[in-house]
Every structure is written in structure tokens, then in C-alpha cells.
Amino acid sequence: MQETAAYWARCAEALELALDATPFYAAWRTADPGRTASVACRYSVLPALTKADLRAHFPEGFVPEGVDFEAELKSGHVSYVSTSGSTEDQVTLFWAQAWWNQSERASWALNAHLQRIADGTHREAVLASPKCVGPYRAGETLPVAERTLGRLLFLNQTINPGNWEADDLRRMLGELAAFRPAVLEADPFYLAGLAAFALDHALPVYQPEAITLTYSFPAQAFLNVIRQVFTAPLISSHGSTETGYVFMECEHGRMHQNTASCHVDFVPLETRPSGAVLGRLLVTPFGHPVQRFVRFDVGDFAERTSGQPCPCGRRGGLTLERIAGRASDMTVTRAGRRMTVADVDAVLAEVPYVRGFQIDQSAAGALRVRLCLAPHAGNDALRHIEKALGQVYDFPVAAASVPMLEHEPSGKVRLARRTAG
Ligand SMILES: [Zn+2]
């Protein structure tokens, strides 16, 4: 890591504003070694901030002394927002559009394609769950004018791509071609559904200059079908409502920290056979006008790069090999080895006709696998997959072909789940 003095000054400022002046962090002060210690060390010994903390202490606990959040709400600089997590995951916090935009713009510098294309005036189409983003009234397809907000067009009005009718899919392909966005921002689960339809019906598809993938895990199983249809570079972006834009994939495929916008503590768990280190991500966003979050546990696993620096030349902050999926979606082999969503995906990505998967592991270890398969998948496809997963897990595996994956209340998909036992 090569961080500038200015970066560490921002880290120190964020930490001290929390510890000295923000009610929730009063309980953390005794853990702080103080200003004689390095900033990195001061961060590393503090607890993690959890969603349960946010639910229990929002709003007063996270607003620094001297900040009048009622006045900020009245002025319209901030508003309340509920995140799109599942019911037990959902939190309410302050949304600040200007802060969010600044974080997004800073993230563009981390990818050469976006640096060239994105300037804040470029046209962008969005394809994701309408419960996560964009104008939406349940049961309706709003006219395109109502779904066009300035430079943004929100394409989708349906929860779960498995529920799309052929007319919806043709409408979205048509709107994409008419709007001609420079960038398509997509939930990979949804974009894979659109790509599969275009592929199976040999339909022409408008090609944006870049595709950013966010909202849910960019499984290779989704990317494989997207790449058969779209020629633009696929760029993963990782962040959250709580933290802003935290990581962006560079043109060499690694994820770089958005150091202009946040600090990230990496909490290592284990070294993987590849040499990369698996760990959790605790994010401290900078500069929010109202709320102060420090070491917020985003709930995802990531693999930190080991060895050679990224060929793109970016050296600031943390560099990840990849995001490895939600920590809560981890499964285990009989030998007790952690299987992240990325690990399961790596097994299934080898099977070219898999377009989507969901695995459920029982408390005893057995796996139930639901699969969306391409039309050309042969009769032995399911047995082949059972064998491949069985060899990795050493547990019984039962696979079934399904027309659609199950979605969460947010409209996002979880690719792996384990029953607690
Ligand atoms: Zn890079």
C-alpha cells in the first residue's frame, strides 16, 4: 500500500470526530491507544460496527455533536433511507445525494474505461431490482418518461428476472437501443437474464461502452452468458448505502480501494491455496455530512492480493483479487474448509451451460442445488454437476433444474445458504 499523508490525515480526522464527538463511539474510547500510536494501529484495535448497532443507535448515536440533523433533513441535504437488505438485515440511515455522487465520481478514476467515458453527464441505463433502485409502483410498468431521470434510464419494473415476460424483455432491449447509454449499470443476476433471452432468440443488442456490475455478487455463471451477448468491458463495483463506493475493478481485473472516499480495514481469516488471503472488510466512509460510521462490517468476504502489485499501476489503499460473497452465505466441506460463494461459483463456472445456481446446505452438510440451465444442456447435466460439487464438498448433493432462482424481498439473489445447526 502506498497512501499519502493526506489520506492518513483524513483517516485520523474521521476517527477522532467519531471517538471525540459522536455518542455511539464513547464506549470505544478505552480501546483507543491514542495519538501517539499510528492511525492504522488505532483503527485496527477498535471493534467492528454492525448493522445491529445501527438499528439500536440510529440516528442520535451516529450524529456528531454540533450537527443538527433535523435542520439538514429540513433543508433537503439529507433524507432517511431504508436499505434493501432482507428483513433482519434492513437498516435506516441518512442518504446524502451530494456525498454519494462525490464517492461515485472518485471511483471512476479506478478504471481506465470509466475514467475515459464517465464524466457525470454521460447517459446511463440501470438494470436491477426495482425495489433497490429507480421509480417503481408494484404491478405497473411505468412509462419510459417516468423512468428517465436526467441522464439515467431505469429499465426494469419486475422483481426477479425469472418473472419477465417476452414483452418485458423486448421492451427493455428496445429502450436500451433508443436511449444509447454510454454505461449500463446492472445487477449481474438481472443482466444475465436479459442476455440469455437475447442469446436464445438471436436478437440484436445495443452495445454500451462499459458495463458496471453492482447490487449483488458477480458470479462467473452470470458473466459467462453476459459475455456471449455484450462486448463492453464488465467492471465490478462494490459499495453500499452505508459506505458509498468502496472498491472498483480496474482494467486488469483487480479491485482497488476508493481511497478518496473511505478507509478499509482488512481482517484476515485464512490464506487460500492461491496465496490470496481471505478476510472481512470494515469500512470507514469519509465526509458524510450527518452520520459517522467507523469500521462498518459490510458483511462480505474478500480475497486480498498477495505478491505482485497490480499491472495497472494503482498502489493506493487495499487491492483485492476479488470479492468472495456474503459472509453469511458461506458453506463448508466435510473437512471443514470454508466455501465462499466465489468458491462455489468457481466450480460451477467450469460448466458452460450453467446460467445461475442456488445451493442450500443442511445443518448435516447435504446440499440441494437449484440450477438454471441453458437450453442446450444435455440429459446428464445434473448428474455431472452433482459429481463436481460432491467431489469438492464430500457431502451428498441433489441437483434440480429450475426455471428461475428464488429472490430475497429486495429482489436480489442469494447464491448459497446454510441452515444453522
Ligand atoms: Zn489494477
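The values are calculated or read from the model by the stated rules, or taken from the named source; none is laboratory data. The model shown is predicted, which means the values in this text are computed figures rather than measured ones. Please note: Cβ atoms are built from the backbone with ideal geometry, for glycine as well, and neighbour counts cover all protein chains shown.
Does the stretch 354-363 contain any residue that is more than 23 Å from residue 160 (Cβ to Cβ) and without any contact (Cβ under 8 Å) to a residue 40 or more places away in the chain? Step through it out loud before you land on a result.
Restricting attention to the stretch 354-363, the residues satisfying the condition of being more than 23 Å from residue 160 (Cβ to Cβ) are 362-363.
Keeping just the survivors that are without any contact (Cβ under 8 Å) to a residue 40 or more places away in the chain gives none.
No, the stretch 354-363 contains no residue that is more than 23 Å from residue 160 (Cβ to Cβ) and without any contact (Cβ under 8 Å) to a residue 40 or more places away in the chain.
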Suppose we keep only residues that are among the small types (Gly, Ala, Ser), touching a residue at least 40 places away in the same chain (Cβ under 8 Å) and within 16 Å of the ligand (Cβ to nearest atom) within the stretch 216-259. Which one would you say is farthest from residue 296 (Cα to Cα)?
236
Extreme residue, surrounded by the most Cβ atoms within 10 Å (Cβ to Cβ), among residues of the stretch 301-316 that are more than 14 Å from the ligand (Cβ to nearest atom) and at pLDDT 95 or above
302
How about the stretch 194-219: which of its residues are touching a Leu at 6+ places or on another chain (Cβ under 8 Å) and in a helix (DSSP H, G or I)?
194, 197, 198
Which condition from (1) over 20 Å from residue 215 (Cβ atoms); (2) more than 16 Å from the ligand (Cβ to nearest atom); (3) surrounded by 18 or more Cβ atoms within 10 Å (Cβ to Cβ) is the one that residue 340 breaks?
(1)
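This table checks each residue for (1) crowded, with 18+ Cβ neighbours inside 10 Å; (2) polar (S, T, N, Q); (3) assigned to a loop (DSSP other than H, G, I, E, B).
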{"residue": "267", "(1), (2), (3)": "no, no, no"}
{"residue": "273", "(1), (2), (3)": "no, no, yes"}
{"residue": "288", "(1), (2), (3)": "yes, no, yes"}
{"residue": "291", "(1), (2), (3)": "yes, yes, yes"}
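I'm trying to understand the selection: among the residues of the stretch 261-270, which are away from the ligand (no atom under 16 Å from the Cβ) and either under 21 Å from residue 181 (Cβ atoms) or of a type outside the set (S, T, N, Q) (or both)?
Within the stretch 261-270, 262, 263, 265, 266, 267, 268, 269, 270 meet the criteria.
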Would you mind finding the one in 14, 96, 118 that is in contact (Cβ under 8 Å) with a residue 12 or more places away in the chain, closer than 15 Å to residue 263 by Cβ and surrounded by 18 or more Cβ atoms within 10 Å (Cβ to Cβ)?
14
Right, residue 381: within 23 Å of residue 197 (Cβ to Cβ), surrounded by 17 or more Cβ atoms within 10 Å (Cβ to Cβ), out of contact with any Pro (no Cβ under 8 Å at 6 or more places or on another chain) and in contact (Cβ under 8 Å) with a residue 24 or more places away in the chain or not?
yes
Screening 342, 335, 388 for residues that are of a type in the set (Gly, Ala, Ser), farther than 23 Å from residue 222 by Cβ and not in a strand (DSSP E or B) leaves only 335
With the requirement that a residue be over 19 Å from residue 3 (Cα atoms), within 15 Å of the ligand (Cβ to nearest atom) and among the polar types (S, T, N, Q), what does the stretch 317-337 give you?
none
